[in-house]
1. Can you classify segment A:1-52 as rounded, prolate or oblate using the Cα gyration tensor, where a ≥ b ≥ c are the square roots of its eigenvalues, rounded means a/c under 1.5, and otherwise it's prolate if a/b beats b/c and oblate if not?
2. Other chains' Cβ within 10 Å of A:123-136 residues: what's the mean?
3. Over all directions, average the projected area of the Cα convex hull of segment A:195-334 and note it in nm².
4. So what does log10 I(q)/I(0) come out to for the protein assembly as shown at q = 0.05, 0.10 Å⁻¹, using the Debye formula with one equal point on every Cα and no solvent?
5. Please state the shape class of segment B:4-100: rounded when a/c is under 1.5, otherwise prolate if a/b exceeds b/c and oblate if not, all from the C-alpha gyration tensor.
6. Pop a pseudo-label 7 angstrom from the Cα along the beta-carbon direction at both residue B:77 and residue A:276 and give the gap in nm to one decimal.
7. Where does helix A:264-274 land angle-wise versus the long Cα axis of chain A, in degrees 0 to 90, nearest 10?
8. How far is it, in nm, from the label point at residue A:35 to the one at residue A:121 when both lie 7 Å from their Cα along the line to the Cβ?
C-alpha cells in the first residue's frame with residue numbers, strides 16, 4: 001500500500017510542484033521500492049489516457065476553445081506511408097470511435113500526402129505530415145493535403161491558411177485546388193469576404209491578401225458562395241464558370257490559367273523537376289537522360305554534360321506520355337524502334353537506372369539497354385519473357401546467377417537498376433529497390449566498356465543466325481548512369497523520389513510459375 | 001516487412017499500442033512537449049527497424065525498449081533539469097513498464113468507463129484540464145478557484161481514476177502476475 005506521503009511526492013513531482021529536498025527523497029524511495037515505481041507508471045497511464053480522451057470529440061463541450069491545438073507528433077510518416085495512413089483513417093476511427101475499446105487513437109484532421117519543394121514558416125508548419133487545426137504558412141513549393149473526410153487540397157506556395165476542422169479551411173492568401181469526393185460534401189474554403197462551399201467535385205481558388213480579392217474557377221460540379229459567416233447562398237457557380245469577388249461585389253473572373261492550380265498528379269512531376277539540380281550535382285553521375293523532347297525530336301538529350309557522354313539518337317521510337325501528364329517518354333512498340341547511345345570509357349563499377357513501363361513481354365529476351373556487341377566488358381540489361389531482369393557485364397565466368405525477387409510486371413511504371421562492380425565480383429539488378437537478379441563471378445574482366453548501346457531493341461548478332469528479336473514493348477522515361485556501384489539504400493531512395501504517384505506501390509506480384517533457372 | 005502490408009501492419013500496431021508507449025515515456029518525462037518529441041523519435045526508429053519484428057504480440061514491449069533509449073538520448077541532448085530522474089532509475093522504471101504492457105493497455109481501456117462514473121462536473125473539469133492548449137491557470141480562473149485548490153482536487157480525481165481502472169482491469173482480466181502492482 002502506497003502511503004499518502006509517497007502519493008503526494010509522486011504527484012508533486014509529476015506536476016512541477018516538488019521541492020528539491022522532497023525530490024531527493026522521492027528519488028531514493030523510487031530506487032528502493034518497485035511498488036512505488038509501479039504506482040508512478042499507473043498514474044502515468046491514467047494521465048496519458050486522459051490526454052488521449054481529451055483529444056477526441058466527446059459529448060462534453062469545453063468551457064472555452066483551446067487557443068491552438070498542440071499538434072501531437074503522431075507519426076513521422078514517409079510520404080509514401082502517408083497514403084496508407086489515409087486509407088486507414090476510417091479504420092482507425094472504427095477501432096476507437098471514442099469508446100473504451102482499446103488504447104485511444106488521436107483523430108486526424110488532415111495529412112500531408114505529397115509535396116514538391118515545400119517549405120513552411122517556422123511555427124506555422126505541420127507536425128511532420130500531420131495537420132491539426134491551426135495556422136500554416138507555406139512559403140514555397142506545393143503540397144497536397146488529404147482531409148479525414150477524403151477531400152484533397154493542393155496548395156501552391158506562397159500561401160497562408162488556417163485549418164479549423166476537416167470541413168473548414170480559411171485561405172488567407174495563395175492558391176488552392178480542392179477535390180471533394182461525396183464523403184466531403186460541404187467542404188468549405190473561406191476567404192475574407194466569401195465562403196466557397198463545394199457541393200462535390202473540384203474547384204480552384206486564389207486569394208490576394210493585399211486587396212482581399214478572391215477568384216474561383218469551378219472545374220467540375222458546383223460550388224455555392226456564401227457571404228463570410230452567413231448561411232444564405234449568394235450564388236451557385238457551375239462547371240466551367242468562374243467568379244471574382246472584391247469587397248462583397250462579384251465580377252467576371254480573368255481567364256483561367258490551369259498552371260496556377262496544380263492537380264495532385266502534377267506534384268510528382270514538380271518534385272521530379274526539382275530533383276534536377278540534385279541529380280546533376282552527384283559527381284559520379286556520368287549521364288542522365290531525362291527524356292525531354294527537343295525541337296529535333298530524334299535527339300535524346302544527356303543533361304549531364306560534364307563527363308563526355310554524348311546525346312543519344314532516336315530511331316523509330318515515338319514520343320509519348322511518361323510517369324506524369326507533363327513528362328515525356330519514348331514508346332518502343334515495333335521491332336525496329338530503338339534509341340542509340342554511346343557510353344565511352346572504361347569503368348570498374350557502373351550503375352544504370354531506368355524507369356520503364358512494359359506493355360508486353362513478346363520475346364525470350366526483351367531489351368532495356370545493351371551494348372551493341374557481345375564482347376568482354378560489354379553491358380547487357382534485359383528482361384525475360386517472365387519479366388525477370390537479367391544482365392550485367394559480359395565476359396567473366398559466373399560462379400552463381402539467380403533470381404531472388406519478383407519480376408517486373410507489365411503495365412506498371414517500374415524502377416530497374418543494374419549495378420555492376422568488378423572489385424566486388426558482383427552484378428545485381430534491383431526492381432523498385434528490391435534485389436531481383438544476383439550474379440557472382442570468379443574473376444573480373446579488366447574493365448566495363450559499354451561503348452555504343454541500344455535502348456529498346458538490341459542489335460544482336462544472333463539475328464544473323466536466325467534467333468528471335470529482342471525488342472521491347474513499352475515506354476522508358478528516364479535513364480541515369482553512374483560510374484560507381486549504388487547501394488541498395490541509394491537505389492531505394494531514387495525509387496522513392498521518382499515514384500509515379502501517391503498510390504503507386506513498390507511491391508510487385510511474385511511469379512506465378514516456379515522460378516526458372518538462369 | 002517493408003511492403004504495403006508492412007506499412008499497414010506497422011500503422012495498426014502503433015495505433016493500437018501508442019497509448020502504452022506514450023505512457024511509458026510519460027512515467028519518467030514530465031513535459032508533454034518532450035513526450036511528443038520522444039514519441040516522434042520512437043515512431044521513427046520503430047518504423048525503420050520494423051523489418052526486424054517477428055513477434056507482433058511483443059510489439060508494445062519492443063517499442064517500449066526503443067522508448068527507453070530514445071528517452072535517454074533525449075535527456076542527454078538537452079540541458080539537464082534538476083528535477084530529472086537519474087538515468088539508471090529512469091531506465092528501471094521504463095524497463096519494468098515494458099513487462100506490463102498488457103496490464104497497462106487494460107487500465108487505459110477502462111479509463112473511459114471510470115471517467116463516466118465521475119460526477120458530471122468533475123468529468124468536465126478533467127477534460128478541460130487535459131484538453132490540448134488549456135492550462136490549469138486558465139481553468140482555475142474560469143472556475144473561480146485558486147490554482148492550488150484546483151490542483152488538490154485534480155490530484156484526488158486522478159487517484160480515484162487510478163484506483164477505478166485497476167479495479168476494473170482486475171475484474172475483467174483476472175489476476176495478472178505480470179502487473180507489477182503489489183496491491
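Readers should treat all values here as calculations from the given coordinates under stated rules, not as data from a laboratory. Just so we're clear, the structure is a prediction, and the values are computed from it rather than from any experiment. Every residue, glycine as well, gets a Cβ built from its backbone with ideal geometry; the counts of neighbours run over all protein chains shown.
1. On the way: a/c = 2.15, a/b = 1.34, b/c = 1.60.
Oblate, because a/c is 1.5 or more while a/b does not exceed b/c.
2. Values: counts 0, 0, 0, 0, 2, 3, 0, 0, 0, 1, 2, 1, 0, 0.
Average per residue, whole number: 1.
3. Working: hull surface 51.5 nm².
The orientation-averaged projected area of the Cα hull of segment A:195-334 comes to 12.9 nm².
4. Cα-only, vacuum Debye calculation for the protein assembly as shown: -0.33, -1.04.
5. Values: a/c = 2.24, a/b = 1.83, b/c = 1.22.
Cα axes put segment B:4-100 in the prolate bin.
6. My value for the distance between the label points is 3.6 nm.
7. In chain A, helix A:264-274 runs at an angle near 60 degrees to the longest axis.
8. 5.6 nm
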